[in-house]
Each structure stands twice: as structure tokens, then as C-alpha cells.
1. Can you compute the FRET efficiency between B:Asp32 and B:Glu196 using 1/(1 + (r/R0)^6), with r the Cβ-Cβ distance and R0 = 35 Å? Round to the nearest 0.05.
2. Work out the count of Lys pairs in chain B where the Cα-Cα distance is under 26 Å, with the pair 8 or more places apart or on different chains.
3. Amide H neighbours of B:Val71 under 5 Å, counting only residues 5+ apart in sequence or on other chains, H built in-plane at 1.01 Å?
4. So which GluC sites (Glu not before Pro) in the stretch B:1-79 are both in a DSSP loop and have at most 11 other Cβ atoms within 10 Å of their Cβ?
5. How long are the semi-axes of the equivalent ellipsoid of chain A, defined as square roots of 5 times the Cα gyration tensor eigenvalues? Whole Å, largest first.
6. What percent of all Cα-Cα pairs in the protein assembly as shown falls in each 10 Å bin, counting up from 0?
7. Could you work out [θ]222 nm for the protein assembly as shown from helices alone, using -39500 (n - 2.57) per DSSP H run of at least four and dividing by all its residues? Round to the nearest 500 deg cm²/dmol.
8. Arrange the residues B:Asp182, A:Asp207, A:Asp145, B:Asp216 by how much accessible surface each exposes, largest first, with a 1.4 angstrom probe.
Number of protein chains: 2
Amino acid sequence: MRIVVADCSVDYAGRLSAHLPRAKRVLMLKNDGSILVHSDGGSYKPLNWMSPPCSHAQLELDETQTSAGIVEAWQVTHKKTADKLIVSIFEILHDSAHDLGVDPGLIKDGVEAHLQELLADQIELAGAGHTLVRREYMTPIGPVDILAKDAAGGSVAIEIKRRGGIDGVEQLTRYLELMNRDPKLAPVTGVFAAQEIKPQARTLAEDRGIRCLLLDYDAMRGMEDQNTLF
Amino acid sequence: MRIVVADCSVDYAGRLSAHLPRAKRVLMLKNDGSILVHSDGGSYKPLNWMSPPCSHAQLELDETQTSAGIVEAWQVTHKKTADKLIVSIFEILHDSAHDLGVDPGLIKDGVEAHLQELLADQIELAGAGHTLVRREYMTPIGPVDILAKDAAGGSVAIEIKRRGGIDGVEQLTRYLELMNRDPKLAPVTGVFAAQEIKPQARTLAEDRGIRCLLLDYDAMRGMEDQNTLF
DNA sequence: AAGTTCATTTCGAGA
DNA sequence: TCTCGAAGTGAACTT
């Protein structure tokens, strides 16, 4: 990673043509040859950039450029699309290189996991009087997201998805079939919970006697915040 | 703009929860309080970030943190959504600040203008034997993008859009109506040229006897490059 | 101001 | 490998 702060102008030609007038900017040159041109504002999106794979070359300066005050010119070319980015540098204000190594990468706590956590905490959303038995209840063919008991004491298996499609209903159906063979659990009813339930999935679920539960992630999160605060 | 290269771990809590394990990264702190966490790879999207408006605070370190080797901890909080980003720093490898001033901003050369230029140069795309009369041919209600003549010497008015919708067809229709009143031009036929023509627009155009011409921007640009090279 | 569409989108999952 | 949908999308344009 090389970081250059410079007074520069930038020209891009690719899907569109774009030009950045002369100004001080931060140029981030990554090891894969890619380059980002950042200003002191805006969002995380650079003013201009070149995505990898691409190659970096130093251009020869002609008379016009040197007399205009350009001290260095870079050309970054994309290896597949022939997109081109030219950085004309008038003054380098800072230049440093850093060996960062390979990044271990971002760990995202999936929304599904979070939904499961939230619904476990707010299990009454599945029905008045419902109580939590346990999350990730193991069955021979995999874990059921949530096992609960309804007001009458009957078992309830809940499958949680962010987007509820046919697949999720089939999955829950398999769990229910298996769990209903267990005399300690049976009869087990099913709840298919998701932020969004596709019409086909809803039809299939209801046809099989599985209840559908639409989850409002933001509302559940807001509820959680209140529980934490007080 | 402050640039810090540091051995750090990052935690984000907002719409989702995310964690970046300890590693060397570049932290870009913009003047508006926003922060970008970049690694030496990936695209222009940072591993993690906080968009403005947000505020930056230095956290007090507790025993657990100091014994874990953390020398500094930052908390960046969004001013509206209460999203939170915490950067735990184990070692600062580089730290510099730069006054960049306000950026004049990106100037995008519209694709439509470029398409007009390209089609004017490759006017035979509009039909074999077509010749260019002029670009931006003025009429009392505005300029027609391209005026050409077909192989038989008849006038052809071409309207160019990046995405061809109903609006563009209506616009061209008005031009054609007007131009057909001019005995020096009449009869004038219309060509609706665009990178993408919506079905409704195509139907309307063809119903009015206007030809539709799908433009392949990349191919036209490639052709232009060849013309320039040889 | 609120909604819609586009993006040099980027990114990930599923087929 | 390719296609399709989501994104902590952001940004520009319409209504």
C-alpha cells in the first residue's frame, strides 16, 4: 500500500469520460495495482478510481506537460476492459509505503442470526403465551432455529429466514415430520418466520398448516434497545 | 484529512454487526468526521466505514483493554442513526494530517454527448449510404441531435438518448412535425437511437414510422479507437 | 421533501 | 463460471 498526497488532476476514460480539476487529493495505491482518488469529504466512494486487475505505468512527460507544471504522470490501465485513468501530478506533498499483509477479512454477523436472537428474546411475537425452549434445537437432520412452547404447552418449531422462499418451507416441513415422530415433542406445529415471505412460500406453508410470521427487523431491534436501556 | 496506518481491530454495530480481526490497515479520517478502514486489496469499498455526519471520540481504556495491548480506542458515532464504529489500536505505524481544501468535484462527460459524437463519425450505422449534414441542427423548438441524408437524398432526423423512453420519442415526433413543414427539408424521416430502447418507446416509435437504432457504445468506441490508430 | 432510478456500482449466494 | 439479487448501498433526478 502506497499513500500519496498530491496536487493533481485526474482523467478517466472508460464507460464514461470524467475529469477532476487540479486540487490536493489523497491517492491510495493498493498492491494489486488498483488506485483510489479521495478528497476530504464525500462518502466512502472515491472521486475516481480504477478497480483491479490493472497495471500502473509512469508516463513520459512532453513539453506541454512540463511547462504546465506537471512533474509526474501516471497511467493506470484496466487489464480486461481497457479503461484508463491518468493522474497528472503537479506536486507531491506526501509519499509513504506500508506493508499491511493480507487482511483476515470482515466478519459479518448475519441478519438471520440476529433475527434468531431477537425472536428468541421476544418469543411472544410468535403468539401470545409462547415461551422459549431453546435456540438451535438439534435434530438428526440439522438444527431447528427455535423450539418454543405455545400457551397450551404444545411444541412449536420456528424456522427463521431473512427472505422466506419455498426452500425454507420445505426445510421446516422436514424438521416437523421428524420431530412429530418423537413422542416427547409431538404434536409439533410449525412457524415460518421471515422479514419477507414470498407468496408461493406462504401458500405452500399455509397449505401444510404452517403458520407464517412476518418479522419487522427494525421494530424488533428497537424493542431490544429498550429492553437493554431499562 | 488524517491518515493513520495502524495495527488494529474494528467493530461496527448498526444495521448489522461486523468485526474486523486485528491486522494492519489504513485509517482515513476525513474532516467531516467520517472514517474509512481500508486494507491492501478489494475494490474502492472500505472494509468498514462511518459515513458523515458523525463524530469522533477517544475512549478511556479499561484494564482488560490495556492488558490486551490496546494503546488507543476510537469511537465514531453517527449523528442520526446511532450507528457505532469502534477502532481498537494496538500500534500506530504512521500518522499524518494534510490540509486538502475543498475539492472542485468530478466533471462527468455525459455519455449522450459522446454517443452523438460517435454516431456523427459513424453515420452509416444509421443506414447504408447515409451522410452527415450536421450535428445539433437548430429548429425553433430546440436542436435535433443529428441531421443526415439517406442514400436517396432524403432528410433524416436522429434523436440520441442513452436510454430510450417514451419521452425521447415524443421529442423526436415534435421535431419531425416541425421539420416536415419546411419544404427545403421535407420529407424528413426519424431515427430514434439509444443504447437501450424500452419496449413501450419502440412500439410508439415504430407506430409513428420512426426507425429504432440500438447503439453499441463499446463497439462504437472501439471503432473510433481503430480510426484514430490507423 | 419524498420517491424512483441509476451506478465506472460492489458483493455475495445459488445454479 | 455465470446470473441474479442485496447493499450499513450512495447519488442524481422526478414529482
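The values are calculated or read from the model by the stated rules, or taken from the named source; none is laboratory data. Note that the structure is predicted; figures quoted are calculated from it, not measured. We place every Cβ from the backbone using ideal geometry, glycine too, and count neighbours over all the protein chains shown. Keep in mind that these areas ignore ligands, DNA and RNA; they rest on the heavy atoms of the full protein, side chains included. Shrake-Rupley method; radii C 1.70, N 1.55, O 1.52, S 1.80 Å.
1. Numbers: r = 37 Å, r/R0 = 1.04.
E(calc), rounded to 0.05, equals 0.45.
2. Pairs that pass both the separation and distance tests number 16.
3. The answer is B:Ile89, B:Phe90.
4. In loop regions of the stretch B:1-79 (DSSP not H, G, I, E or B), the sparsely surrounded GluC sites (Glu not before Pro) are B:Glu60.
5. Numbers: eigenvalues 698, 68, 48 Å².
Equivalent ellipsoid of chain A: 59, 18, 16 Å, largest first.
6. Over the protein assembly as shown, the share of Cα pairs per 10 Å bin runs 4, 15, 17, 15, 19, 17, 10, 4, 1, 0 percent.
7. Counting only the DSSP helices, I get -6500 deg cm²/dmol.
8. Sorted descending by solvent-accessible area, the residues read A:Asp207, B:Asp216, B:Asp182, A:Asp145.
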